1. Could you tell me how many of the residues in the range 490-511 are more than 23 Å from residue 565 (Cα to Cα) and surrounded by 13 or more Cβ atoms within 10 Å (Cβ to Cβ)?
2. Which residue out of 132, 54, 47, 59 is in contact with a Ser or Thr (Cβ under 7 Å, 6 or more places away or on another chain), touching a residue at least 12 places away in the same chain (Cβ under 8 Å) and closer than 30 Å to residue 180 by Cβ?
3. Answer yes or no as to whether residue 558 is crowded, with 16+ Cβ neighbours inside 10 Å, in contact with a Pro (Cβ under 6 Å, 6 or more places away or on another chain) and not assigned by TED's automatic domain parsing to the domain that holds residue 645.
4. Taking the range 82-114 on its own, how many of its residues are more than 27 Å from the chain's Cα centre (by Cα) and under 16 Å from residue 261 (Cα atoms)?
5. Would you mind stating whether residue 589 is hydroxyl-bearing (Ser, Thr, Tyr) and within 30 Å of residue 383 (Cβ to Cβ)?
6. Within the range 129-153, can you find the residues that are in a loop (DSSP other than H, G, I, E, B) and under 16 Å from the mean Cα position of the chain (by Cα)?
7. So if I check each of 151, 169, 210, which one is among the hydrophobic types (A, V, I, L, M, F, W, C), under 27 Å from residue 241 (Cβ atoms) and in contact with a Gly (Cβ under 7 Å, 6 or more places away or on another chain)?
Amino acid sequence: MVQQPAEGPGKRLEPRTATRRGVAAAAALILTATGIGSAVAATQVTVKNPGKLVAVGPVNTEYGFPAWYEDSNKTRVELCLDGENPLCGFLPGDIPNEAAPISFPGNFPDEAFYMLAGSDLDLPGGGKAVLVLGLEAAFANSVTEGDQVVFGRQRIVVKGGPANTTLEFKHPYGTITIDTDGTGSGKLVEDISPAIGNFGTALKSNIGPFLKWDPAVAPAAPEGYLGDPNQDHAVTGSPFNYNKFSVSGGGLALETSQFGLQGKIATNRGVSADGAFLNGDMIDVFATSGPESQLQVDGQAGLFETTPMASDPGSGRYYARIKVTGTAPEGIKITNIGDKPASSSTVKVAKPSSIAVTKATFDGTALTVAAVSSEAGALTVADLGTLDNPAPGTSAEKSFPVKAPPATVTVRTASGSSASLQVTVSGGAATPSGLDPVTPQPDPGPVVDTGGGTGTVTPPPTGPAPVTAAATAATPTLARGGSVQLDGSASTGAVSYKWRQVSGPTVTLSSDTAAKPVASIPFYAKTTDTAPLAAATAGPATIELVVTDKNGTTSTPATVQLAIQTDTVVLDPSSRHRLGTEMRIQGTSTIGGTAALLVPATAVVIYDTTPGRPVSKLGTATVDTLGAWSLKVKPGPGRQVTSVLVQSSRGGTAAGSISLR
């Protein structure tokens, strides 16, 4: 039986039965079944369709979502963000102020779509099965910067169908089976994947290629759009060449070719701000976009004028050099004025390091390191020693006798600035190959000298040779979340090893009986924590080694100390909570006074410690490569927050009051 579409205009797509608040609390893959008993296992996706979306465009920093997504047919779609355009499919209430243009974040919808398709089947007895297929832009918690997610969704909801049975549904992107309960209800929702800021996860979903109105069926799709969400129409684009929605099982055999379809074909190319680097009184700015885009660096009053960017034809690369008057800005904004509406991207201005490593050469016997720093004071070569710095701006050079140089040399100043350089090998003999094994000869027994000479014979030593333990570590420091190899192989007479920790922060040993175990220390705070942790144990971790010889004699203990490296967390005094408007808590995390690219990135957990009520978790933030972190929530908690505690995954903590203004 084929379900015929109703006469006249189709139904408006209405997938928004609830807003997308709390997406982050959901799993990346959600399979929700309402069936009961042993049949629940049948609610599942049985035919999948991954990989039909192939590319994601640069993020438009005006609203924090990608400029476009591209499918395997080279079709690109973008968000349709015009509240007055019926082809964008917004429903009453989607936009906070429908009389004003859409703007982020104050007048932005909870959800918007790159593509949204829907269809439904009327079931006997007044029931219905509703299908939704979409590539959705939404927010994990609220419409706020840093909360954006994009995911591919397929959803089928059944009401009033055959009771206690398994139904099989086919649609353009695959097949789904759903168990119904005693009322004939069932559901499956699959979202892949709501990951904050990770817009590539949606490429793994079952959505794609994008559906389009079938050009062989009149009327034609509106120019520049996949279809019109306000009327049902036949579609095309299924990778299985099945452009319908059908159900079978439980005595049913229904299908329809009619879909509501929304999607705007991308005209925007977007822009990615790749870098901005301060060089004296100049800033060198780099960006990428589609070939023949029109990019400009937006001017900043009193610092520099708006400047167009140059490009090589067809390359997609863009560059500008800008002369700055006064203090360099913290960030640069690049706008693609050829996009309608214009897209933009921002990037922080990277300032030059106060140190440069100019030489790192190994000649087979010594590693020679040279560096130039604008700071006074000694320079530290990681794991090797110090360079005497004769004066700021002059070269400091030293040779370190080593047999095994590092692959990269890092030099730090007294203030914590650092620079690195790959080691170049200039000479040295080839390392000898291993010797062939020697077959042991039979034991000849005691050797007695009975000669009649007048010299004295020194008797052989009596008793076993002494057994001694020796313990070292590959590096003297251990960072939170890291590991280091211990080495007891230099012990004498040892046939067995026994390691144990005697003091300091708890570390884990890969083995307590190996000659060279690995010591690891866990991260301190975790983003899954729900309450503050007790203060971390201070001081170095002391690990003891005792070895035993073949006669069972044990050595006196040898110890190795590992300094536990933690970050320094600082709460920015500008942190505030404006009750009912915004909460913004921010600060920095550095190790040894220096920001660095860490894998994984440092995370901080922020707690409300306002006096007079229980401590509660406010949220988490990730530390960027410049050492900054920020938790921004609009409108924020309903109770005034006056003080906070910050705990870092790398061991640092900070606490303090925040502003109410």
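The values are calculated or read from the model by the stated rules, or taken from the named source; none is laboratory data. The model shown is predicted, which means the values in this text are computed figures rather than measured ones. Virtual Cβ from ideal backbone geometry, glycine too; neighbours counted across all protein chains shown.
1. The number of residues fulfilling the criteria is 8.
2. Working: 132 fails: in contact with a Ser or Thr (Cβ under 7 Å, 6 or more places away or on another chain); 54 fails: closer than 30 Å to residue 180 by Cβ; 59 fails: closer than 30 Å to residue 180 by Cβ.
Result: 47 is the single residue among 132, 54, 47, 59 that is in contact with a Ser or Thr (Cβ under 7 Å, 6 or more places away or on another chain), touching a residue at least 12 places away in the same chain (Cβ under 8 Å) and closer than 30 Å to residue 180 by Cβ.
3. Working: crowded, with 16+ Cβ neighbours inside 10 Å: yes; in contact with a Pro (Cβ under 6 Å, 6 or more places away or on another chain): no; not assigned by TED's automatic domain parsing to the domain that holds residue 645: yes.
No: the conditions fail for residue 558.
4. Of the residues in the range 82-114, 7 are more than 27 Å from the chain's Cα centre (by Cα) and under 16 Å from residue 261 (Cα atoms).
5. When the stated conditions are applied, residue 589 passes them.
6. 140, 146, 147 - these are the residues of the range 129-153 that are in a loop (DSSP other than H, G, I, E, B) and under 16 Å from the mean Cα position of the chain (by Cα).
7. 210
Residue-by-condition table, conditions (1) surrounded by 19 or more Cβ atoms within 10 Å (Cβ to Cβ); (2) modelled with pLDDT of 95 or more; (3) not in a strand (DSSP E or B):
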position	(1), (2), (3)
564	yes, no, no
589	yes, no, no
598	no, no, yes
638	no, no, yes
651	yes, no, yes
661	no, no, yes
